[in-house]
Ligand SMILES: Nc1ncnc2c1ncn2[C@@H]1O[C@H](COP(=O)(O)OP(=O)(O)OP(=O)(O)O)[C@@H](O)[C@H]1O
Ligand SMILES: [Mg+2]
């Protein structure tokens, strides 16, 4: 509850400030007008259209980049020689920021859904790759030995030991990647791509509508936060009492 | 197996790994030479390298590189100082933590780039605007890590402070801050990555001279070699800064038991 | 024999005579050993851990291994399991050198928490071994129930390992090993982390189960009394590098009993003897 005090006080103070000094202008808007703009944007469908573009790109990129990351992560996690062989290449590729690929994607795909998708996929690829590898590495050696003593075949080993043991961490990776994906999608939209939530904010800014700009930012906040909260909820739900031990180790 | 052979083993693996990277580049060259992908989209590494060399010889690329790195570092340093200072203020008081913590946690997952339109609104398309964007977009990890470092201090250490009758300032300086250092360093690493991203975004958005802007312009004019050269340079900035941070970590965290 | 041994032997002469009358005949067991160590040496990162181990273990024999911490008990056990390969020499099991884990050798690991699958229930953990052995799905529930019953977990089949006490988790691991229907059971300080009461209870359970199934047991422990209580033979290892220092034959009557066996003069004599030996070798 204490947590609500600060934002409420700040908003009220801003509102009073706005009313007393009249700071409303091309640059600033009072909290009340921001809320009004946010409400209107929700009613006239602006938010829905923008959010569905941004979220579908995020999920699509997550699916593509996540799958690739998972596969490569499993490969380098399970087969050490491949991991060692790829070290240098991966260490060189990893620091290339996703936004640096915007121009390349732009060159190849032009503006639109595909270029954003590719960049989001690239962004989601790394956290999943790294978490998958760490998850496999984090499996206690004793479990490997148990599977050896029981003479489990390679498929049974992956299916019955490695995947379930790694699953809690894999989901953490998925959650991180989803957050990264959303951030990147919005960033691409702000930087170049004229679709989605990010562009809605830029558009409001360029048409001198600070109320709408802050309103859309508010929506980005709400959507991003709910997205995150949903994934956290799913994580706790999916990995209840059984897997908590595994997640900790 | 003894220590010697494991060390030579390591070196051999490193060489193999380098060879593999070289093979990848060679594969790239081959794909480009065979024109499996149109050279408009994918120039060979040779052409990208030539473009970089030409760019550096004319001094143009070097200048842009410097500008970008400068922005990134300014923004990062600024946000680190602000983040740690603000984090200390909030973190050292349980009361402040309970009032501000939730708001900060709410803001944290938001895309840092969303600050860009605000910065442009307030400061226009300017250098100051980019700095504000970088500093405020990058501040969150440092701020939250510092607060967390204060919150996660072991009660035994606080008691040591009490027993030794340290003043509040001394407790912060001698116990709480050092305790938060590992967290802060980890967050500064993340911060540097974000700082580079926001520098690129900022340059693209505000059309400021720098590598970020130059790759966007290269893409618009279908100048693939310069585009790829720029992207590789940005990757190198990330790589080198990470290596430097690694070195810093190792110096500052020597007291920690190695994991 | 050391002078001390002779002295204690004299002191215990009386009881020894008593004991000879009740000696159990081990002659029934096959003469040809099941497991043989031939000049086994093992190096880790250039350090010699095991030096020239020669050992044979008979069918249905219960062998306990004692020795100071770090002397190579676990390592010896892992060699039999096929989890490690010797640097030189060989381990022969059933007439063939050990190259990899065998399906009929089971290991009860010391750290049961890590050796159980936390995401599977107790029944699921036992099931894993049956799945690995290709037991048809329809047969599994009955066998799982029987195995859990055997280790006294009959009503905890649906519990997750994290919901079981340490002793229960260890019993669960034993149940999973029994599901393998092993010819050889390797146990690495299985009861080390348990309290005295639980430990005694589990010792008797293991003895009973072994008696029923005729499994050969290789049992590592720190606890000399536990070793004497359980074993047909106690092998004492000496450290740096690990080697066999002494082998003690335990000729206590079976079935054993926590009260009477531990009060048996022969038990006390052996305890004294092995204790003195270990003290001496550590000095
Ligand atoms: N993976 C390893 N790498 C290097 N040395 C090892 C490794 N495992 C064991 N050792 C060394 O081998 C020696 C024997 O270890 P082992 O685990 O067999 O001892 P132990 O008799 O089982 O001891 P404890 O009673 O404490 O369990 C020790 O000195 C240990 O340091
Ligand atoms: Mg051991």
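The values are calculated or read from the model by the stated rules, or taken from the named source; none is laboratory data. Please read these numbers as outputs of a predicted model, since none were measured by experiment. Cβ atoms come from the backbone with ideal geometry, glycine included; neighbour counts cover every protein chain shown.
Quick notes on this one:
- In region C:64-73, the qualifying residues are those that are surrounded by fewer than 21 Cβ atoms within 10 Å (Cβ to Cβ) and at negative phi, and the one that is farthest from ligand 1 (Cβ to nearest atom) is C:68.
- Test: residue B:32 is within 19 Å of residue B:227 (Cα to Cα), modelled with pLDDT under 90 and in contact with a helix residue (DSSP H, G or I) (Cβ under 7 Å, 6 or more places away or on another chain): no
- Which listed residue, of A:42, A:18, A:50, is out of contact with any helix residue (DSSP H, G or I) (no Cβ under 7 Å at 6 or more places or on another chain), surrounded by 14 or more Cβ atoms within 10 Å (Cβ to Cβ), in contact (Cβ under 8 Å) with a residue 40 or more places away in the chain and assigned to a helix (DSSP H, G or I): A:42
- Where residue B:135 falls short, out of the listed (1) away from chain A (no Cβ under 14 Å); (2) in a helix (DSSP H, G or I); (3) farther than 24 Å from residue A:6 by Cα: (3)
- Residue within region C:203-210 that is farther than 14 Å from residue C:61 by Cα, away from every other protein chain (no Cβ under 14 Å), within 16 Å of ligand 1 (Cβ to nearest atom) and surrounded by 15 or more Cβ atoms within 10 Å (Cβ to Cβ) present: no
- Put simply, of A:229, A:242, A:200 the only residue that is within 28 Å of residue A:132 (Cβ to Cβ) and either at pLDDT 90 or above or surrounded by fewer than 19 Cβ atoms within 10 Å (Cβ to Cβ) (or both) is A:229.
- Yes/no for residue C:126 being more than 16 Å from ligand 2 (Cβ to nearest atom), at pLDDT 90 or above and not in a strand (DSSP E or B): yes
- Residues (in contact with a strand residue (DSSP E or B) (Cβ under 7 Å, 6 or more places away or on another chain), within 13 Å of ligand 2 (Cβ to nearest atom) and away from chain A (no Cβ under 14 Å)) located in region C:54-93: C:65, C:66, C:67, C:71, C:72, C:73, C:76
- Filtered by the rule that a residue be part of a loop (DSSP other than H, G, I, E, B) and either away from ligand 1 (no atom under 12 Å from the Cβ) or away from chain A (no Cβ under 14 Å) (or both), region C:94-111 gives C:94, C:95, C:98, C:99, C:100, C:101, C:102, C:103, C:104.
- Residues considered: C:79, C:50, C:55. Of these, the only one that is in a helix (DSSP H, G or I), modelled with pLDDT of 65 or more and surrounded by 19 or more Cβ atoms within 10 Å (Cβ to Cβ) is C:79.
- The set of residues from region C:161-172 being away from chain A (no Cβ under 13 Å) and either more than 16 Å from ligand 2 (Cβ to nearest atom) or out of contact with any helix residue (DSSP H, G or I) (no Cβ under 7 Å at 6 or more places or on another chain) (or both) comprises C:165, C:166, C:167, C:168, C:171.
- A residue that is out of contact with any helix residue (DSSP H, G or I) (no Cβ under 6 Å at 6 or more places or on another chain) and on the phi > 0 side of the Ramachandran plot occurs nowhere in region C:96-104.
- Lone qualifier among C:31, C:7 - being away from ligand 1 (no atom under 16 Å from the Cβ), modelled with pLDDT under 80 and part of a loop (DSSP other than H, G, I, E, B): C:31
- Any chance residue C:42 is surrounded by 16 or more Cβ atoms within 10 Å (Cβ to Cβ), at pLDDT below 95 and away from ligand 1 (no atom under 15 Å from the Cβ): no
- Enumeration of residues in region C:120-130 that are surrounded by fewer than 24 Cβ atoms within 10 Å (Cβ to Cβ) and facing chain A (nearest Cβ under 7 Å): C:128
Table: residues versus (1) within 14 Å of chain A (Cβ to nearest Cβ); (2) modelled with pLDDT under 90; (3) within 16 Å of ligand 1 (Cβ to nearest atom).
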site: C:194; (1), (2), (3): no, yes, yes
site: C:201; (1), (2), (3): no, yes, no
site: C:236; (1), (2), (3): no, no, yes
site: C:249; (1), (2), (3): no, no, no
site: C:253; (1), (2), (3): no, yes, no
site: C:259; (1), (2), (3): no, yes, no
site: C:272; (1), (2), (3): no, no, no
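Here's the yes/no breakdown for (1) under 20 Å from the mean Cα position of the chain (by Cα); (2) surrounded by 16 or more Cβ atoms within 10 Å (Cβ to Cβ):
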residue: B:110; (1), (2): yes, yes
residue: B:115; (1), (2): yes, yes
residue: B:122; (1), (2): no, no
residue: B:126; (1), (2): no, no
residue: B:148; (1), (2): no, yes
residue: B:160; (1), (2): no, no
residue: B:169; (1), (2): no, no
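- Scanning region A:96-140 for residues that are under 30 Å from residue C:83 (Cβ atoms) and within 8 Å of another protein chain (Cβ to nearest Cβ) returns a single hit, A:140.
- Helices (runs of 4 or more DSSP H) wholly inside region B:1-108 that include at least 3 residues being closer than 30 Å to residue A:228 by Cβ: B:60-91, B:94-107
- Qualifying residue in region B:172-179 (condition: out of contact with any strand residue (DSSP E or B) (no Cβ under 8 Å at 6 or more places or on another chain), closer than 27 Å to residue A:107 by Cα and in contact (Cβ under 8 Å) with a residue 24 or more places away in the chain): no
- Residue satisfying condition, being within 14 Å of chain A (Cβ to nearest Cβ) and either at pLDDT 90 or above or within 24 Å of residue A:93 (Cα to Cα) (or both), within set B:42, B:89, B:61: B:42
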